[in-house]
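See below for the structure under consideration.
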Amino acid sequence: MAKIIHNNILDTVDAVFTVSKNKGSLHLYAEDDTLDGRHLTINGRKVLHFGTCGYLGLEHHPKLKQGAIDAIMKYGTQFPMSRTFVSNPLYNELHDRIQEMYKAPVVVSKNCTLSHLTTIPILITQEDLVVMDHLVHTSVQEAVKKMLSQGVTVEMIRHNNLEMLEAIIKKNRSKYSRIWYMADGVYSMYGDYAPIKEMIALAEKYEQLYLYVDDAHGTSWAGKHGTGYVMSQMDGLYRKMILTANLGKAFGACGGLTVFPDEELHRKVNIFGGPLSFSVQIEPATLGAAIASADIHLSDEIYKMQESLLDKIMHFNKLLRGTDLPLIVENDSPIFFIGVGTMDMGNYIVREMVKDGVYVNIGPYPAVPAKNIGIRVTISQHNTKEDIEELVRKLDVHFHKALVATNQTLLNIKKAFKLPIDNETKEAGPVIRHDRSFQVSLFDSIKQIDPSEWDDHLGKRGMFDWNGLSLLERSFINNEEEANNWKFRYMVCRDQNGQILLMTFFISALYKEDIFSRASISIALEKERTINPNYLISRGIFIGSLFTEGNHLFLDRDNPDWKPAMKSLIDELYRFQEEEDASNIMFRDLEVGDSEFEEYMIEHGFVRVDLPESCVVENLSWDTEEEFVQGMTPETKKNFRRYIKRYEHLCDVEFRDKLSEEELQHALKLHEAVNRKNMAINTFLFPERVFREMVDDPMWEFVQVKIKPQFNDTDEAIVVCFCQKNSRGVYSFMLTAIDYDRVYDYSGYRLALWAMVKRARELKCHQANFGISATVEKKRVGARPHPRVGYYQAKDNYAMEMMETTIAKEKD
């Protein structure tokens, strides 16, 4: 089993946020003595504030401030006891006003997260199916994930894709009492809307379908009495909808609320809704402010505020149409998202805008996919039209400066967001930088590259030397299975002196999205694939290949042009991705601990993932076995004697230049069993052609472990290993075939490993690459695990969340 360190999403987010914090776009502090909503002071500079979620500016309304003051004077700073026993007197006042707004029963919580944690566990049972929009707010997702341990089944659909939702309903409506679809009313990054009317139509078509909608970002600035965007799309709360809304953000106070279509559901949640029973109550000051805000919502003043805000939103839309700034969604919400594509460009714009007197948000991963970073702008009542005009002027200037500074193009941004591309954008082409002092060459085959030059830089790292890649090119073409047909690309960058600055190769291939996931997840997914063979299978672009292991990227880090050279590589990868219609790009098997490189990759749309350790034997200079053993730790010495030496008399180990047809077919059968069993690295079964190419290639040899005749009645091997011995002193153990019925009794795999160590020494190799599985076994023969990292386009969490929910179902 491979020793795989699976990333915690928090580690990835920590790395991304740390880069942006260091660049001055995240974790800033306001330095003001007082706040007015229109301005902030950041880094000693007074700036216009276009990052608030207080869209109506109610947090600075005199009535809300006075309501908070009065509440403190009457009831103190807190009411420190559970609502299960006694509630603060202000709760009844607030409930009455909110219910008057919504014309439906409500439960008020301390915030929206607690509203979900209060409501969802009471609504959902094991007889229900939950379907989530994969962009529904994290607070909803976290509440639902807690239900997995109780046996609740969860599915995900692509954003606003009601066709996927209907397909799931048709498939499951006979299996579940209710099917809950969970979505946001207004999505917090792009400001786009859920198709509420279409969702209701679907719920009318299928009686099992119920709707759970979070309208935190739609409250107050839309709807009758400010009841929100979702309510504005209905004539009263829909009979099969649970709605959550926000008493913070545009409402101006703090808290969450849940609106119910009937009294019985309301009663169940209100009587014992988890956090309502054991969490502290909303503070009196907040309740007082919320009551004052509710009074405004129940008056005509709210409509004047809504109209004023809408006028400013439309003004901003009009000004944006006069620029080429790539607005992702245009509607009448106060949330706007300008696409920039990379963290590098996003960080640049936020930093330069602050210097120029305007604050806007960066829209970072994981709130959006890593290649869909953007500038998030919010319009509020605090902003004047003159402020908005200044915002657009400066944003336009710094956007175009950032294109040049970060070597980005408007065309690439539009492609990343799948926006329409007009002729003017096509003709504009890339922003030309005249400081590039290197030459880029691209090739379709290793045969177009000088063998000695390739091997000098990359051949000494693994089996991807010139000869090894020639074999792969011959093997992964014209196969019956689409997954075993790869397209190769090679890239070489030379500096002004003709020296190699960057050299690598990459492929386009189908892959399983759980390739490096936990074995338990892959086991569950493979069962799903017996029904749906294409389940979570995508096309990807891989630095290196799905066959080879090791660092496939030569990059001269001492050359001052290494970053521009990397940008050229990334640009070429994006072009190849578009050409191949691939879903992702992945850099594999890079060294750990390179913080400068990691920061560069994050800023260019890639996030880090820890990969399986790669085992390498580097101690091959010993003369005797005794000398080799002396270099081991006491524990390794004990295991070497216990698991290897005591079995040597039971088996014969031989190295072969060729395999007979019978031996090859036997090895193929055993290798297929290994492929099925090793779910820790879940790949497609390689084609028979690659094994035949190995048999015919003089650089390959085969280790066979057979039980001695006196202990066995057959001459068939219990282990076969496929190994390459390249011209640069690297011995690579690439594939194995194992008879699992007999291998353990004779320690056959361990004997093969020990034989390969001795063979690598005999061939005077400087290292033996033993690959990325069975780490414990390989350590017993002196292999040292090398931690490796990769970088990939973190598009969204859809695939991983699907895996998590699939394995949860499997356990259930």
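The values are calculated or read from the model by the stated rules, or taken from the named source; none is laboratory data. Source: prediction; values computed, not measured. Virtual Cβ from ideal backbone geometry, glycine too; neighbours counted across all protein chains shown. Side chains are part of the model used for accessible areas, which takes the heavy atoms of the whole protein and leaves out ligands, DNA and RNA. Shrake-Rupley method; radii C 1.70, N 1.55, O 1.52, S 1.80 Å.
Descriptive notes on the structure:
- Restraint check, Lys669/Lys778; Lys197/Lys418; Lys145/Lys240, Cα-Cα greater than 31 Å: none
- Computed over all pairs of different Cα atoms, the Kirkwood value for the hydrodynamic radius of region 650-776 is 15.0 Å.
- Close amide H contacts of His786 (hydrogens built in the peptide plane, cut-off under 5 Å, sequence separation of 5 or more or a different chain): Ser614, Cys615, Val616.
- Counted residue by residue at 0.36 nm each, then reduced by the alpha carbon distance between them, the extension gain from Glu661 to Glu330 reaches 112.7 nm.
- Along the axis of the charge dipole computed for region 2-115 (Cβ charges of +1 for Lys and Arg, -1 for Asp and Glu, origin at the Cα centre), the listed residues Pro89, Ser109, Leu10 are led at the positive end by Leu10.
- In Hz, Karplus ³J(HN,Hα) per residue of region 288-296 (6.51, -1.76, 1.60; θ = phi - 60°; x = Gly, Pro): x, 5, 5, 5, 4, 5, 4, 4, 5
- Ordering of 371-377, 756-762, 106-112 by burial proxy (mean other Cβ atoms within 10 Å per residue, highest first): 371-377, 106-112, 756-762
- Cα-only Debye scattering, region 200-300: base-10 log of I(q)/I(0) at q = 0.20 Å⁻¹: -1.13
- Whether region 334-475 is rounded, prolate or oblate, judged on the alpha carbon gyration tensor where a/c under 1.5 counts as rounded: prolate
- Taking 37 °C and 0.692 mPa s as conditions, region 433-537 diffuses translationally at an estimated 199 µm²/s according to Stokes-Einstein applied to its Kirkwood radius (Cα pairs).
- Among beta bridges that DSSP assigns inside region 179-301, antiparallel share in %, nearest 5: 35
- Surface composition of the chain: carbon plus sulfur atoms hold 49% of the accessible area, using a 1.4 angstrom probe and ignoring ligands, DNA and RNA.
- Above-threshold pairs, the threshold being 20 Å between Cα atoms, out of Lys103/Lys205; Lys65/Lys249; Lys638/Lys764; Lys23/Lys415; Lys304/Lys385; Lys447/Lys512: Lys103/Lys205; Lys638/Lys764; Lys23/Lys415; Lys447/Lys512
- Pairwise centroid distance, computed over Cα atoms, of region 613-671 with region 380-408, Å: 64
- For the peptides 331-342, 692-703, 45-56, the ranking by packing is 331-342, 45-56, 692-703, with the highest mean count of neighbouring Cβ atoms within 10 Å listed first.
- Length-normalised contact order for region 1-119 - Cα pairs under 8 Å, 6+ apart - percent: 8
- Separation between Cα centres of region 220-259 and region 702-732, rounded to whole Å: 69
- Ordering of 140-150, 770-780 by packing [mean C-beta count within 10 Å, highest first]: 770-780, 140-150
- Average Cα contact separation per residue, region 637-706, under 8 Å, 6 or more apart, as relative contact order %: 54
- Per DSSP, loop GluC sites (Glu not before Pro) in region 178-239 with at most 14 further Cβ within 10 Å: Glu207
- For the chain, alpha-carbon Rg relative to the globular expectation (2.2 N^0.38 Å, N residues): 1.11
- Mean separation of Cα contacts under 8 Å (6+ apart) over length of the chain, as relative contact order %: 15
- In the assembled protein chains, Arg646 presents an accessible area of approximately 140 Å² (probe radius 1.4 Å).
- Length gained on full extension, Lys385 to Gln448, computed as 0.36 nm times the residue gap minus the Cα-Cα distance: 16.7 nm.
- Estimated at the nearest 10 Å², the accessible area of Lys677 is 110 Å² with a 1.4 Å probe.
- ³J(HN,Hα) computed for each position of region 87-101 - Karplus, 6.51 cos²θ - 1.76 cosθ + 1.60, integer Hz, glycine/proline x: 9, 3, x, 6, 4, 4, 4, 5, 4, 4, 5, 5, 5, 5, 5
- Electrostatic dipole magnitude of the chain [Cβ: Lys, Arg +1; Asp, Glu -1; Cα centre; debye, to 20]: 1160
- Separation between Cα centres of region 85-122 and region 477-517, rounded to whole Å: 56
- Long-range HN-HN contacts of Thr219 with modeled amide H, under 5 Å: Tyr229, Asn246
- Accessible surface ranking that places the most exposed of Lys708, Lys447 first, with a 1.4 angstrom probe: Lys447, Lys708
- DSSP beta bridges in the chain [antiparallel fraction, %, rounded to 5]: 75
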